[in-house]
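Peer 1: Okay, handing you the structure first.
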Amino acid sequence: MKINVLIEKYLSEIKNIRRYSDNTIKSYRTDLEEFSSYCVEKQKTELSGINERFIKSYLMILSEKDLEKKTVARKLAAIRSVFKFAFQNDLIEDNPLSFISNPKSNRKLPEVVSN
């Protein structure tokens, strides 16, 4: 199955069955189409050709764009949910995102208040 077909099936699922909000669907669509474009660019349109190493290369591209870690985490969450959907529906045998964790976020230190 091709990645763009999977993405459309997934977006249909979250819209019609899971009833996600329009804003969530719009954000997922944007993030997933960006990932799909990367797959086409790298000639990896078949699900069988997308592995953990390929997804990590995509994450490296995102980090080189100086995106905030929250943005990268959101994009990764969208991709993770598509592959989880594919795995649960027996469209893939192994989930390539099983061992990929979210980027560590920059946490603000608490401010010290003096008397």
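Peer 1: Please name all residue pairs, on different chains or six or more residues apart, with Cβ atoms under 6 Å, provided the first residue is in region 71-87 and is in contact (Cβ under 8 Å) with a residue 60 or more places away in the chain and the second residue is in a helix (DSSP H, G or I) and surrounded by 18 or more Cβ atoms within 10 Å (Cβ to Cβ).
Peer 2: Listed pairs, sorted by first residue: V82/Y10; F85/Y10; A86/L6.
Peer 1: Quick one: count up the residues across region 1-59 that are of a type in the set (S, T, Y) and either over 21 Å from R74 (Cβ atoms) or touching a Pro at 6+ places or on another chain (Cβ under 9 Å) (or both). Walk me through how you get there before you give the answer.
Peer 2: Here is the first cut: in region 1-59, the ones of a type in the set (S, T, Y) are 10, 12, 20-21, 24, 27-28, 30, 36-38, 45, 48, 57-58.
Checking which are either over 21 Å from R74 (Cβ atoms) or touching a Pro at 6+ places or on another chain (Cβ under 9 Å) (or both) leaves us with 45, 48.
The qualifying residues number 2.
Peer 1: Next question. If you go through region 6-42, how many residues are in a loop (DSSP other than H, G, I, E, B) and either touching a helix residue (DSSP H, G or I) at 6+ places or on another chain (Cβ under 8 Å) or crowded, with 18+ Cβ neighbours inside 10 Å (or both)?
Peer 2: Initial filter on region 6-42 (in a loop (DSSP other than H, G, I, E, B)): 18-21, 42.
Then keep just the ones that are either touching a helix residue (DSSP H, G or I) at 6+ places or on another chain (Cβ under 8 Å) or crowded, with 18+ Cβ neighbours inside 10 Å (or both); that gives 20, 42.
So the answer is 2.
Peer 1: Could you list all residues from region 43-60 that are in contact with a Cys (Cβ under 9 Å, 6 or more places away or on another chain) and either on the phi > 0 side of the Ramachandran plot or free of Cβ contacts under 8 Å to residues at least 12 places away in the same chain (or both)?
Peer 2: Hit for region 43-60 is G49, nothing else.
Values in this text are rule-based calculations from the coordinates and carry no lab data. Values in this document were obtained by computation on a predicted structure and should not be read as measured data. No Cβ is skipped: glycine too gets one built from the backbone with ideal geometry, and neighbour counts run over all protein chains shown.
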